[in-house]
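First the structure, in the form of structure tokens, and then the observations on it.
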RNA sequence: UGGGGUAUAGCCAAGUUGGUAAGGCAGCGGGUUUUGAUCCCGCCAUUCGUAGGUUCGAGUCCUGCUACCCCAGCCA
């Protein structure tokens with residue numbers, strides 16, 4: 001797609017420029033470190049584009065590292081989906097995928113080192129006791145009674161922890177830092193806890209697992225990461241990151257920099273809430289086309305290039321932000337406008353019979369696959385006595401603003417002839433069932449010879465050759481711009497976020513599959529084939545509609 | 001006065017030795033058009049949270065306020 005040319009500029013790249021210029025680093029190494037406890041979403045795409053994008057632009061490397069220190073929440077299915085999504089976005093990680101769990105042995109060794117230095121102790125306080133001693137945001141905490149346990153005892157107790165001799169919650173290993181620190185995370189943080197859980201990588205080898213703050217910085221150092229990029233909520237944690245690195249024996253000292261996470265209007269981007277949407281079946285799954293997940297966007301018809309372009313356009317700063325959905329939509333429209341071949345499909349059909357065409361007649365016409373790009377070629381479409389047009393494209397009467405088919409007036413059929421509506425049939429309820437028209441056989445590919453001006457153009461499909469198809473139209477998942485701010489965000493779910501229409505697609509789409517990419521159904525929007533589609537029953541997802549200034553005029 | 005952060009248009013965001021407010025999205029006008037699409041042209045911050053100060057000159061430096069976000073998981 002036509003991605004914007006220039007390299008992004010942001011405060012992180014400026015830091016890297018300085019570090020390279022000063023000789024602090026010869027090469028940059030970044031990492032994308034998801035916990036495999038859910039699917040990736042558009043917010044992760046921002047981080048992926050940042051980390052992998054920097055590696056590409058600076059000829060450095062970027063690792064994929066699963067931050068798998070909490071086996072209770074993780075699953076191998078998530079590591080697989082994460083790998084697939086990163087690849088789909090167009091990025092290649094350096095070497096094999098890494099796991100924090102690859103370093104469990106070394107992490108354990110560093111914990112022992114801290115104990116030996118008198119900088120860690122085994123605490124038998126309960127959760128409640130620990131919380132009570134932690135103090136508050138405005139009051140300092142106080143020391144645990146176990147804080148001054150001697151080194152030998154701590155070493156023994158930690159060994160017993162690892163040996164499975166203590167129950168979950170019975171004790172934990174804590175770093176001895178400062179119970180009066182203004183940084184809550186520095187008030188003797190737990191760095192190892194007991195957890196009898198089966199781990200997707202290390203199986204049942206361990207019953208103690210290191211905490212994030214202890215693991216992440218060391219993993220970065222082990223991998224030689226130069227710039228460890230994470231989101232704003234970890235700013236305080238940076239003090240602990242540095243404390244751990246400064247107090248163990250390790251060469252590297254990666255530097256952590258924080259940027260603001262993405263917020264997108266009318267959706268949620270927190271793992272917790274996305275999990276809830278899936279578990280409570282408010283959506284069909286992680287890849288529901290209404291989900292802001294990479295898998296959902298992919299099924300919806302978003303392209304990797306459009307997602308990357310979006311990440312480029314939103315930038316990277318430390319400012320809290322709430323990006324409008326229109327920004328994302330503009331990116332996919334820009335891509336598909338250039339790359340999606342055109343086709344015709346009628347979502348809500350009404351029958352048109354062209355009376356001055358003989359019964360059973362059929363003509364083969366050609367249509368360009370792209371109005372502004374001849375290289376995309378042409379295709380054949382059939383035209384016959386009975387066709388389908390969009391119900392909303394006909395009115396028995398209308399003012400001059402309505403540039404479509406009106407009783408007694410003319411309109412052009414896209415890629416075909418000018419027709420005139422003569423009369424209609426209605427059912428008992430007054431609904432129009434058939435529109436009878438005549439066509440002007442002199443108007444194929446040219447304006448009427450007598451100079452009549454025909455303003456409107458409508459799309460259509462041949463009733464004799466059209467393929468029945470279902471069209472799934474998606475709207476925002478939530479009714480409010482910031483559902484996460486609601487008391488209960490599921491109450492803000494938009495009931496009309498999925499609308500199903502049954503109509504027809506032109507015959508060239510009869511064998512469409514999920515691998516065929518996107519089309520623009522002219523005058524309607526961009527669509528792609530859904531995985532639910534089959535030869536006999538096509539199913540199309542609307543990726544995004546066309547910009548619709550007519551709708552704006554009508555709604556005012 | 002607990003600490004850590006952030007304030008530039010409706011939204012995102014450049015602006016880095018102080019020199020007279022990029023760009024994108026959205027919006028609004030106009031042109032082209034067999035998609036009310038695309039494309040093209042034009043408009044859209046005397047002003048940078050706010051009040052002062054320094055300076056010939058401040059979004060950029062100083063001081064005081066204000067608003068919002070994050071931190072009291074054996075989650076990440």
For this session: Provide the descending list of Cα extents for segment A:440-504 along its principal axes, expressed in whole angstroms.
Result: 65, 29, 12
Problem set entry | Rounded Å value of the spacing that divides the Cα centres of segment A:224-301 and segment A:334-411 | 46
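Report the antiparallel proportion of the DSSP beta bridges in chain A as a percent, rounded to a multiple of 5.
70
Listing A:478, A:66 from the residue with the fewest other Cβ atoms within 10 Å to the one with the most, what is the order?
Numbers: A:478 22, A:66 25.
Neighbour counts put them in this order, fewest first: A:478, A:66.
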Exercise. Based on the Kirkwood radius over alpha-carbon pairs, what value in µm²/s does the Stokes-Einstein equation return for the translational diffusion coefficient of chain A at 25 °C and 0.890 mPa s?
Worked result: 89
Seminar exercise, completed: Computed curve, segment A:506-547, Cα-only Debye sum without solvent term, log₁₀ I(q)/I(0) at 0.14, 0.15, 0.30, 0.33 Å⁻¹, is -0.28, -0.32, -1.10, -1.22
Exercise. FRET efficiency for residue A:77 and residue A:282, Cβ-Cβ distance as r, R0 = 22 Å, nearest 0.05?
Worked result: 0.60
Problem set entry | Two-site label geometry, residue A:18 and residue A:138: point separation in nm, points 7 Å out along Cα→Cβ | 3.6
Exercise. Quick one: if you stick a label point 7 Å off each Cα along the C-beta vector at residue A:184 and residue A:380, how many nm between them?
Worked result: 7.1
For this session: Let me know the shape class of segment A:168-261, please: from the alpha-carbon gyration tensor, a ≥ b ≥ c as square roots of the eigenvalues, rounded when a/c is under 1.5, otherwise prolate if a/b is greater than b/c, or oblate.
Result: oblate
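For segment A:46-158, what value does the Rg/Rh ratio take when both radii are computed over Cα atoms and Rh is the Kirkwood radius, given to two decimals?
Details: Rg = 20.3 Å, Rh = 17.9 Å.
Rg divided by Rh gives 1.13.
How do A:539, A:307 line up, fewest other C-beta atoms within 10 Å first? Show your work: numbers first, answer last.
Details: A:539 18, A:307 25.
The fewest-first ordering by Cβ neighbours comes to A:539, A:307.
Translational D (Stokes-Einstein, µm²/s) of segment A:350-438 at 10 °C and 1.306 mPa s when Rh comes from the Kirkwood sum over C-alpha pairs?
On the way: Rh = 14.4 Å.
Stokes-Einstein gives a translational diffusion coefficient of 110 µm²/s.
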For this session: Put one equal scatterer on each alpha carbon of segment A:91-218, apply the Debye formula with no solvent term, and list log10 I(q)/I(0) at q = 0.13, 0.19, 0.22 1/Å to two decimals.
Result: -0.55, -1.06, -1.33
For this session: Return, ordered by residue number, the residues of segment A:209-236 whose backbone nitrogen is under 12 Å from a label point located 7 Å along Cα→Cβ of residue A:113.
Result: A:218-219, A:221-222
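Over segment A:484-530, consider all pairs of different Cα atoms and compute the Kirkwood hydrodynamic radius from their mean reciprocal separation; express it in Å, one decimal. Walk me through the intermediate numbers first.
Numbers: mean 1/r = 0.0724 Å⁻¹.
Averaging 1/r across every pair of different Cα atoms and inverting gives 13.8 Å.
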For this session: State the extension gain, in nm to one decimal, for the chain segment bounded by residue A:152 and residue A:400, taking 0.36 nm per residue of separation less the distance between their alpha-carbons.
Result: 80.1 nm
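Express as a percent, rounded to the nearest 5, the fraction of DSSP beta bridges in segment A:297-438 (both residues included) that run antiparallel. Numbers along the way, then the final one.
Working: 21 of 28 bridges.
Approximately 75 percent, going by the DSSP bridge assignments.
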Exercise. So for the pair residue A:204, residue A:251, with labels modelled 7 Å out along Cα→Cβ, what separation do we get in nm?
Worked result: 3.9
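Tell me what chain A gives for mean residue ellipticity at 222 nm when only DSSP H runs of n ≥ 4 count, each as -39,500 (n - 2.57), the sum divided by the residue total, rounded to 500 deg cm²/dmol.
On the way: 13 runs with 144 residues, N = 556.
Only helices count here, giving -8000 deg cm²/dmol.
When A:31, A:147, A:238 are ordered from fewest to most other Cβ atoms inside 10 Å of their Cβ, what list results? If you can, show how the numbers build up before the last one.
Values: A:31 27, A:147 15, A:238 19.
Placing the least packed residue first, the sequence is A:147, A:238, A:31.
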Exercise. Using the Kirkwood radius built from alpha carbon pairs, what does the Stokes-Einstein equation give as D for segment A:437-556 at 37 °C and 0.692 mPa s, in µm² per second?
Worked result: 187
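Only the coordinates and a few stated rules stand behind these numbers; no lab work does. What you see is a predicted model, and the numbers here were worked out from it, not measured in a lab. Quick reminder, even Gly has a Cβ in these numbers, built from the backbone with ideal geometry, and neighbours come from all protein chains shown.
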